[in-house]
Amino acid sequence: MTAPPAVDDDAGIVAASLAEPERFTGVYDRHHAAVYRYVHGRLGPQAADDVAAETFLTAFRRRADFDPARGALRAWLFGIATRLVAQHRRTEERRYRALARLGPDRPHGGHEDRVAAAVDAGLVKPELAAALRGLSAKERDVVLLVALADLTHEEVAAALGIPYGTVGSRLNRARRKLRAALDSPEGT
């Protein structure tokens with residue numbers, strides 16, 4: 001018989017929050033900054049606050065559905081965030097189009113904006129923004145979960161609900177496309 005999860009680990013916090021909902025703030029405290037950086041990198045600062053908050057609201061409402069046997073809480077949260085980003089795909093497309101034309105937007109505001117800007121540093125080159133726009137949505141999801149959220153292949157598979165091998169093939173295909181786009185004379 002396995003021991004119940006400790007209340008100080010992610011699965012334990014979620015389990016404890018079923019009886020004591022205020023315990024879920026531990027999940028927010030542990031993972032908000034990473035989810036925010038990921039969403040900020042995908043959608044920009046205007047949508048990042050709302051989508052990150054919506055990620056945790058959705059997770060809170062569906063916390064009874066979380067199954068640690070299917071993957072880590074972190075991957076589950078990034079899966080929710082990625083699905084919410086998909087709902088904002090037009091915003092993401094506009095962001096990459098604008099970055100491809102104009103270069104980086106300069107963050108204003110607090111510490112989280114500065115942290116997200118540091119993570120965003122790799123996305124500010126117009127050529128890279130154009131290359132990212134050239135990926136399929138599924139390829140872009142995998143690349144950005146690895147690049148912005150620093151997820152492992154296993155975590156990406158759990159976040160997106162796809163097989164481990166699919167993560168690798170999408171990532172390899174996306175890398176080839178990005179390399180080809182960035183190595184071309186025009187950068188597109």
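For the range 127-146, the set of residues classified as farther than 13 Å from residue 85 by Cα and without any contact (Cβ under 8 Å) to a residue 60 or more places away in the chain consists of 128, 129, 130, 131, 132, 133, 134, 135, 136, 139, 143, 146, listed by residue number.
Taking every residue in the range 9-38 that is open to solvent by 60 Å² or more (accessible area, probe 1.4 Å) and pairing it with any residue that is of a type in the set (Val, Ile, Thr), at least 6 positions away or on another chain, the pairs with Cβ-Cβ distances below 7 Å are 23/13; 37/115; 37/119.
Residues that are at pLDDT below 75 and either at positive phi or among the acidic types (Asp, Glu) (or both) within the range 2-23 comprise just one, 8. Residue count for the range 134-157 satisfying the condition of being closer than 18 Å to residue 72 by Cα, in a helix (DSSP H, G or I) and open to solvent by 20 Å² or more (accessible area, probe 1.4 Å): 4. Close Cβ contacts (under 7 Å, 6 or more residues apart or on different chains) running from residues in the range 47-67 that are over 12 Å from residue 83 (Cα atoms) and aliphatic (A, V, I, L, M) to residues that are part of a helix (DSSP H, G or I) and open to solvent by 70 Å² or more (accessible area, probe 1.4 Å) comprise 64/18.
The values are calculated or read from the model by the stated rules, or taken from the named source; none is laboratory data. Quantities reported herein were computed from a predicted structural model and do not represent experimental measurements. Ideal geometry is used to build each Cβ from the backbone, glycine not excepted, and the neighbour counts take in all protein chains shown. Keep in mind that these areas ignore ligands, DNA and RNA; they rest on the heavy atoms of the full protein, side chains included. Shrake-Rupley method; radii C 1.70, N 1.55, O 1.52, S 1.80 Å.
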